[in-house]
Amino acid sequence: MSVPGYLRADTVTKAFKVRRKGDGLGLQSASLRAVDDVSLDIARGEVFAIVGESGSGKTTLANLLARVTVPSQGRILLGGEEISRERGLDLRSLRRQIQIVFQDPGSSLNPRQTVGEIVALPLKLAGMRGRGDRARRIAELLEAVHLPPDFAQRYPVSLSGGQKQRVNIARALALEPQVLVLDEPTSALDVSVQARILALLMSLKRERGLTYVLVTHNFGVVRAIADRVAVMYFGKIVEVGTIDQLMTDPQHPYTRTLLSAIPAVRESDRALIPEIEVRDGELPSFVDPPRHCSFYSRCPSRQPQCLERTHPALAELPGGRKVSCHLAAPVEGD
Ligand SMILES: Nc1ncnc2c1ncn2[C@@H]1O[C@H](COP(=O)(O)OP(=O)(O)OP(=O)(O)O)[C@@H](O)[C@H]1O
Ligand SMILES: [Mg+2]
């Protein structure tokens, strides 16, 4: 694996305008920071996972990394070039490099188009004019995702969830991108179908030398295929490191609770994962975030000092892993 720095998020924030009840009558406009000051460094050829519970900002971050949306602050870089504000032709050439597979396999397919038309659309937009060329490419792409060639004539309504997701993957591969951002690619599918789609993704990655950003709330999926993982809570990254680092020695209390929730495949694994649960505390308000650690209200290990200090910075520990917790072991010599 090459050094990190291929796909980077540099202090990225995405704020949405929302309306909420004000003190008086009527609604006030407020700002919700769905992704809050996130920095990430993804290596070429890596499977980089982003995990966290519903609402933690995973999809918002995935959309920023794939330049589906533009950050409110900060930058996204690919190969050292800023891509976060590309438009027009530059955006078109970026689409050849990064593609996204969206969270819901069904709703991202136009029900009035055949599978062939769906997969051909990026080819048409990229200027592939000849019908014969496009038909050949569609057949290749369907074969790559293990769908029979006659699926080109079928409509999404006649496909199973797993087949729809294969069509989404085929469309994403049409322009031979280097990076795929996969937003919960298997979470809407049955477990056995999930395993087959993950196996397909892994063989495509090997054949094509792809880089994956894999968004999931499922640590089991992460353990199966990721190299490194970032844990998100409430719009921020609270821990990032290799799978081994996080599985064998999770430092953030939230990472520990996520790990203790996954079904153990082997008893020997189980012993590594402490049994803990999050407190019943409320999630903090996105619009009025606390100054102290945002996990405080639900943290099973919290200390009085955590309430007195501001939200902890994401600090590096030995081995290159980073954690944002006042209670984590400091770097040696600190
Ligand atoms: N367009 C938007 N306008 C306003 N708020 C938004 C918008 N998109 C997302 N949010 C809010 O941002 C927060 C993060 O949402 P996001 O969809 O990124 O979470 P997620 O981690 O992907 O959740 P899930 O696991 O349910 O998919 C949520 O509070 C959500 O309501
Ligand atoms: Mg999401």
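Details
- Subset of K164/K236; K124/K164; K164/K205; K58/K322; K17/K164; K17/K322 violating a 28 Å alpha-carbon distance limit: K164/K236; K17/K164; K17/K322
- Subtracting the Cα-Cα distance of E117 and D280 from their residue separation scaled by 0.36 nm leaves 53.8 nm.
- Relative contact order (%) - region 107-176, alpha-carbon pairs under 8 angstrom, separation at least six: 47
- DSSP beta bridge pairing in the chain, given as percent antiparallel to the nearest 5: 60
- Summed residue charge, Cβ within 13 Å of S31's Cβ, Lys/Arg positive, Asp/Glu negative: +3
- Label-point separation in nm, A195 to D288, each point 7 Å along Cα→Cβ: 4.9
- Placing dummy labels 7 Å off each Cα toward the beta-carbon, the span from K17 to S301 is 4.2 nm.
- Sites M128 and S203, calculated FRET efficiency, Cβ-Cβ separation with R0 25 Å, nearest 0.05: 0.50
- Residues L327 and V68, FRET efficiency given R0 of 35 Å [Cβ-Cβ distance, rounded to 0.05]: 0.45
- Residue among P253, S285, A188 farthest towards the positive dipole end of the chain, charges placed on Cβ: A188
- In plain terms, the chain from D244 to L91 could stretch by 51.4 nm, reckoned as 0.36 nm per residue minus the Cα-Cα distance.
- Paired Rg and Dmax values of the chain, which use every Cα atom, in angstrom: 21.2, 69
- Label point distance in nm, D150-N110, each placed 7 Å from Cα along Cα→Cβ: 2.6
- Assigned charges on the beta-carbon of Lys, Arg, Asp, Glu; the chain dipole about Cα centre (debye): 1360
- Extreme residue, positive dipole direction of region 107-176, given options A174, L123, Q163 (C-beta unit charges): L123
- Region 1-122 shape via C-alpha gyration tensor axes, a/c threshold 1.5: oblate
Since every read-out is calculated from the coordinates, none of them should be taken as a lab result. A quick note: this is a predicted structure, and the numbers were derived from the prediction, not measured. Glycine also receives a Cβ, built like all others from the backbone with ideal geometry; neighbour counts cover every protein chain displayed.
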